[in-house]
Amino acid sequence: MIGQFATSKAGHDKGCLYVVVGQEDDFVYLSDGRLKGPDQPKKKRRKHIQPINARVEESLLERLRGGEKVYPEEIKYALKQYLS
C-alpha cells in the first residue's frame, strides 16, 4: 500500500488527496507535501481512507519502501502529476 494515492473519508480533512508513506497494523501514514510532510505524516486508520488504484512513479516508490529520505516537494509533484 506504500506509494499509493488515497483520499480521506472521515475527519476534518475529508476529501483530501494524500500519498501513503507508511503503514503498520490498522494504521497508515499519509503525506500531502504541504501541511503533512513525509517526515511528519498524518496517522489515520485504514477504514477512514479510500485507496486509489494508482501509485507514485517507480523511483519515488522504491525510496519510500526503502525508508530513504523523501522531500515534501517530491510528494507535491507526485500529487500534481496524478491530478493532471
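Distance between the pseudo-spin-label points of Leu83 and Ile52 (7 Å out from Cα toward the beta carbon): 0.9 nm.
For the stretch 1-77, the list of chymotrypsin sites (Phe, Trp or Tyr not before Pro) that fall in a loop by DSSP and count at most 16 other C-beta atoms within 10 angstrom is empty.
Among the trypsin sites (Lys or Arg not before Pro) within the chain, those in coil by DSSP and having at most 16 neighbouring Cβ atoms inside 10 Å are Lys9, Lys14, Arg34, Lys69. What percentages, rounded to whole numbers, describe P(r) for the stretch 4-83 computed over all alpha carbon pairs with 5 Å bin width beginning at zero? Whole-percent P(r) values from 0 Å outward: 3, 17, 30, 29, 17, 5, 0. Other residues with beta-carbon under 12 Å from the beta-carbon of Arg46 carry, at +1 per Lys or Arg and -1 per Asp or Glu, a net charge of +2.
Laboratory data are not the source of any read-out in this text; all were calculated from the coordinates shown. All of these numbers come straight from a predicted model, not from anything done at the bench. Every residue, glycine as well, gets a Cβ built from its backbone with ideal geometry; the counts of neighbours run over all protein chains shown.
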